[in-house]
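Reviewing the structure listed below.
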């Protein structure tokens, strides 16, 4: 009788021990803290701060130059703006070239001694020697002063490259043609940026 009670109690104890072990919750894996909102914050900008960049009207790289800026239209100079001028710049130089001209490179526009704190040139600039902001205009490949509108041979597509140079000095050349400006830029260019447009008649 005592043996039966001992066996019965032993069975009860074993059942309680095992049932407690099965019902105990397993330790959960540690949960990593959620990343803060700042870790995923994105800052978007059309132009990165400090990047030297030029814009001609609303043109993007390789887009078509509107007729209003060519010999098919009003022959007006486009608005040109820029950002990110290097802090050591003393003057800016703007050159518009056609590298596909029949007789080689043709310079359509040459503006130098542009104040470094200026942000651009407005549309339809006059053919004056000195512009309203103090910048000076040199001679085109046609021998004229100011903006000379693109006018490629009929049926051909030409590239028109707007280049802006940041220069470490003001240019004091006796003449203001392309050769003399190129000579002045040599060894004095801090940075350069460009955008290319296309035009076909």
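See the values below:
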read-out	value
Label zone at residue 51, where the point sits 7 Å out along the Cα-to-Cβ direction: the stretch 71-88 residues whose backbone N lies under 12 Å	83-84
Calculated FRET value between residue 132 and residue 191, using beta carbons and R₀ = 25 Å, to 0.05	0.50
Relative packing of 163-174, 91-102, 106-117, which averages over residues the other C-beta atoms within 10 Å, highest first	106-117, 91-102, 163-174
Computed over the stretch 53-200: relative contact order in percent, which uses C-alpha pairs under 8 Å that are six or more apart	31
Gained length - residue 122 relative to residue 68, 0.36 nm times residue gap less alpha-carbon distance	18.0 nm
Distance between the stretch 127-191 and the stretch 75-125 - C-alpha centres, whole angstrom	7
Nearest-0.05 FRET efficiency for residue 170 and residue 61, computed from C-beta distance (R0 41 Å)	0.85
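Quick note: the coordinates plus some simple rules give every number you see, no bench work behind them. Worth saying up front: this structure is predicted, and the values here are computed from it rather than measured. Glycine gets a Cβ as well: all are built from the backbone with ideal geometry, and neighbour counts include every protein chain shown.
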